1. Quick one: pull the percent of accessible area on the range 281-330 belonging to carbon and sulfur, 1.4 Å probe, ligands and nucleic acids left out.
2. How large is the charge dipole for the range 234-320, taken about the Cα centre, if only the Cβ atoms of Lys, Arg (+1) and Asp, Glu (-1) carry charge, to the nearest 20 debye?
3. Report the net charge of residues surrounding MET391, where surrounding means a beta-carbon distance below 14 angstrom and charges are Lys +1, Arg +1, Asp -1, Glu -1.
4. Report the net charge of residues surrounding ALA70, where surrounding means a beta-carbon distance below 13 angstrom and charges are Lys +1, Arg +1, Asp -1, Glu -1.
5. Would you mind giving the average projected area, over all directions, of the Cα convex hull of the range 256-415 in nm² with one decimal?
6. What distance in nm separates the two pseudo spin-label positions at ARG182 and VAL32, each 7 Å out from Cα along the beta-carbon direction?
7. Can you tell me the FRET efficiency between ALA121 and ALA372 if r is taken as the Cβ-Cβ distance and R0 is 22 Å, rounded to the nearest 0.05?
8. Please report the net charge: other residues with Cβ closer than 13 Å to the Cβ of PRO188, K and R +1, D and E -1.
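The values are calculated or read from the model by the stated rules, or taken from the named source; none is laboratory data. These numbers were taken from a predicted model, which means no experiment stands behind them. Virtual Cβ from ideal backbone geometry, glycine too; neighbours counted across all protein chains shown. To get the accessible areas, we keep the full protein, side chains included, count just its heavy atoms, and leave off ligands, DNA and RNA. Shrake-Rupley method; radii C 1.70, N 1.55, O 1.52, S 1.80 Å.
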Amino acid sequence: MPHATGTLVRRAGRLLRTSLFAQVLLALLLGVLVGRLWPQAGGSLQPLGDGFVRLIKAVISPLVFCVVVAGITKAGDLKSFGRIGVKALIWFEVATSAALVVGLLAGNVFAPGAGMHIDPATLDKGAVNAQTGGGKLPSAAQFVLEALPNSAVGAFAENSLLQVLVLACLVGAALLHLGQQRVPQVLPLIEQTQDVVFTIVGYLMRLAPLAVFGATAHLVAQYGLGAMSTYGKLIAVCYGVALVFLVLLGLALKAVTGLSLWRFVRYTREELLLALGTGSSETVMPRMMQKLRAAGCRDDAVGLVLPTGYSFNLDGASIYLSVGTLFIAQAIGVHLSLGQQLTVVLVLMLTSKGMAGVPGSAFLALSATASALGVIPAAAVALLLGVDRLMDSMRVATNLLGNCVAVFAVSRWEGALDRVTAKQVLAGAAPAGRSPATPAPAGQEEPDGTAVAPGEQ
């Protein structure tokens with residue numbers, strides 16, 4: 001018996017030492033415990049999460065640039081790249097509209113705000129402005145204009161992914177025009193830079209458990225469990241709708257590509273748990289790009305569709321906004337007609353495209369929707385201030401999986417998906433170029449999700 005116990009302890013220790021998933025899960029549980037028992041200490045740990053997010057953001061722009069340029073050059077066809085972009089936008093619009101409609105249907109059926117009888121006059125009119133810093137969402141023309149860089153250095157310094165994508169497309173087109181004979185060393189340099197950035201990401205991922213611990217402890221300390229009782233029905237409806245939407249996404253993925261969304265979730269479980277723990281899908285973008293490429297998606301499709309989806313395909317945010325709008329109306333006793341609800345869909349279809357990177361963007365979008373309807377006071381948007389942060393997990397997971405499904409679907413649509421490789425990798429086989437017995441480089445993971453630390457190779 002003692003021998004069996006010792007073996008179990010050694011196995012648990014090895015799992016914690018080698019598996020990123022186990023490390024992040026333990027950090028998540030410890031964060032909840034610290035935030036609940038010692039809220040003052042937990043509230044001071046947010047810099048751990050914020051620091052990790054800053055470090056990851058520092059490498060996203062150069063990575064996206066390198067992947068897109070290499071993808072265009074290797075594909076050898078700028079027209080193909082353009083087709084991928086158009087098909088991605090079509091997919092994004094259909095998916096976002098579906099998310100909005102599903103959210104509105106659920107909001108009508110379950111009525112999460114019914115019976116609250118809130119008087120808008122009792123709400124703090126300045127609370128939303130304090131949350132958003134007095135900002136506003138860009139207009140359609142401004143959004144397009146801001147996607148065009150006025151400085152090559154500025155695009156990277158400001159971490160503007162759309163501007164970086166535009167620059168990458170221009171550089172890729174120039175390399176195709178000049179050809180390998182005239183600039184033989186540029187593409188190898190870009191590919192080597194890409195390898196360096198991925199290695200840096202591998203190093204940074206060692207800090208992921210600390211980031212999750214700090215972010216979770218701060219969240220639990222700040223909100224506690226009181227918001228769960230006050231907004232329990234709204235939270236349940238939003239998360240339930242997100243689950244239904246993901247099931248629909250899984251069916252669409254199966255119909256278009258023959259791949260299983262559940263297997264993809266298992267394949268990327270470390271990244272999903274990290275995104276949930278930090279409340280940011282940007283922290284896992286580099287790793288998701290790496291895993292999508294390993295799962296048979298062509299470089300140009302991954303490099304264009306995934307980063308663009310972060311601005312154009314916010315499925316989780318769309319669900320939250322549609323349910324949230326109905327919640328606010330029901331809470332203050334305003335009935336929205338079918339025509340007004342169609343207005344909600346149309347307004348949110350536009351405002352959701354400009355949300356990425358704008359502080360307090362959800363409240364700005366809700367305020368714009370309230371103004372368009374003319375029957376919901378702007379101050380009523382403050383009803384969601386107490387629950388907004390608790391919706392991050394739903395938004396992050398749904399946005400992230402929605403964008404990954406888009407990569408697979410558009411890749412299949414364009415003939416840029418190796419389905420044989422995809423099925424093998426999602427079933428647990430080693431990515432192409434490595435046998436199951438070949439150890440992963442330090443900081444990276446084996447096919448079963450375990451990480452190899454230095455000295456264990």
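1. Details: 350 of 630 Å².
Carbon and sulfur together cover 55 percent of it.
2. 320 debye
3. Numbers: positive: LYS233, ARG389, ARG395; negative: ASP315, ASP388, ASP392.
Once positives and negatives cancel, what remains is 0.
4. Numbers: positive: LYS74, ARG293, ARG298; negative: GLU191, ASP195, ASP299, ASP300.
My count for the surroundings of ALA70 gives -1.
5. Numbers: hull surface 40.2 nm².
One quarter of the hull surface, i.e. the mean projection, equals 10.0 nm².
6. Output for this residue pair reads 6.0 nm.
7. On the way: r = 22 Å, r/R0 = 0.99.
Here the calculated transfer efficiency is 0.50.
8. Working: positive: LYS74; negative: GLU191, ASP195.
For residues surrounding PRO188, the net value is -1.
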